[in-house]
Amino acid sequence: MERQVTRIIEHMASSHWNMTRIIEANRQIVNHMAQMTTDIPKEDPSFGSIDMLTECTLSVNRIVASYLVGLADLEDAIADNLLMVMKEVVVPNDGE
């Protein structure tokens, strides 16, 4: 039984690592998009039209929201998996 629990923990750790790599890639995209928004000139920016400006704004917001959702999903997965592991771990009671 312990071997199975250990293998499950190893697979969960691998899964969490892969989720972390994906979120890290999203973080870099969010940082790049944030840098782009700070580079917008304060006076007379030429975006072509209001529709184009709205589309760009929505795109940035979607990317940031996607990144935050990814972080929340990782947190939930780690919490759920940790709960399962803690249920399986038997801690010996040494008279405490």
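Looking only at the stretch 1-23, how many residues end up being closer than 16 Å to residue 66 by Cα and either open to solvent by 70 Å² or more (accessible area, probe 1.4 Å) or not in a helix (DSSP H, G or I) (or both)?
So the count comes out to 2.
Being aliphatic (A, V, I, L, M), closer than 14 Å to residue 26 by Cβ and open to solvent by less than 50 Å² (accessible area, probe 1.4 Å) is the filter here, so list the residues in the stretch 66-86 that pass it.
72, 74
The values are calculated or read from the model by the stated rules, or taken from the named source; none is laboratory data. Only a predicted model underlies this, so the values are computations on that prediction, with no experimental measurement involved. So basically every Cβ, Gly included, is an ideal-geometry build from the backbone, and we count neighbours across all protein chains shown. Heads up: the accessible areas ignore ligands, DNA and RNA and are worked out on the full protein's heavy atoms, side chains in. Shrake-Rupley method; radii C 1.70, N 1.55, O 1.52, S 1.80 Å.
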